[in-house]
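Novice: Have a look at the structure that comes next, please.
Values in this text are rule-based calculations from the coordinates and carry no lab data. Not measured: the values here are computed from a predicted model. Cβ: placed from backbone, ideal geometry, glycine included. Neighbour counts: every protein chain shown.
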């Protein structure tokens with residue numbers, strides 16, 4: 001577990017590189033383009049650091065345009081992880097670095113179904129999400145609008161794990177950060193047979 005929340009970005013970068021390097025010339029879907037839209041020390045965020053066939057899927061049109069300006073050599077596609085605009089089984093790696101926790105709970109299963117649909121049989125999904133065991137968050141989040149990508153959801157830990165194992169084998173999990181009764185949890189997933 002990291003000792004300082006400011007180390008999260010370094011953790012994402014390191015773990016993404018480890019997953020990426022398990023494949024030869026992998027085709028990668030990154031579930032957002034938020035880092036690529038920022039002016040970071042690593043030009044074009046994680047997608048720029050990995051330097052391969054990486055496609056960033058981003059829901060927010062402002063972020064899409066900013067990322068395209070910052071990273072003209074990276075494919076930035078406007079779209080949602082609840083309806084991924086690609087054919088089945090084309091990605092070796094999916095990187096979801098705390099994007100899924102911006103998906104409304106009513107749409108969460110659809111996002112997981114989409115990941116299972118577009119990942120190759122031998123592929124890896126590296127997913128990081130805020131989870132909790134406190135049902136207070138579930139009640140508080142009921143009124144959030146689905147349309148907003150800015151909402152932060154704390155998915156119920158047990159429910160989230162049960163959803164994941166319906167479609168994937170969890171090969172590894174790691175607690176990245178703990179803050180009060182919420183946890184930033186990392187998952188390494190392989191597609192179920």
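Novice: At 222 nm, what value in deg cm²/dmol follows for the chain if DSSP H runs of at least 4 each add -39500 (n - 2.57) and the sum is divided by all its residues, to the nearest 500? Show your work: numbers first, answer last.
Specialist: Details: 7 runs with 61 residues, N = 193.
It lands at -9000 deg cm²/dmol.
Novice: Now, a different point. Please work out how much length the chain gains when fully extended from residue 190 to residue 9, using 0.36 nm per residue of separation minus the C-alpha to C-alpha distance, in nm with one decimal.
Specialist: Between residue 190 and residue 9, full extension yields an extra 62.8 nm.
Novice: Scaled to the compact-protein estimate 2.2 N^0.38 Å, what is the alpha-carbon radius of gyration of region 104-193, rounded to two decimal places?
Specialist: 1.10
Novice: Separate question: Would you order 142, 117 from fewest to most other beta-carbon atoms within 10 Å of each residue's own beta-carbon?
Specialist: Listing 142, 117 from fewest to most nearby Cβ atoms yields 142, 117.
Novice: Further question on the same structure: So how do 9, 177 line up by other beta-carbon neighbours within 10 Å, fewest first?
Specialist: Result, fewest neighbours first: 9, 177.
Novice: Expressed in whole Å with the largest first, what are the equivalent ellipsoid semi-axes of the chain derived from the C-alpha gyration tensor as the square root of 5 times each eigenvalue?
Specialist: Three semi-axes, in Å: 24, 19, 18.
Novice: Next question. What is the spin-label model distance, in nm, from residue 25 to residue 75 if the labels are put 7 Å beyond Cα along the C-beta direction?
Specialist: Taking the simple label geometry, residue 25 and residue 75 are separated by 1.4 nm.
Novice: Can you pull a Stokes-Einstein diffusion coefficient for region 59-98 at 37 °C (0.692 mPa s), Rh from Kirkwood over Cα pairs, as a whole number of µm²/s?
Specialist: Estimated via Stokes-Einstein, D reaches 281 µm²/s.
Novice: Full extension from residue 39 to residue 138: what is 0.36 nm times the residue separation minus their Cα-Cα distance, to one decimal in nm?
Specialist: Stretched out fully, the residue 39 to residue 138 stretch lengthens by 32.2 nm.
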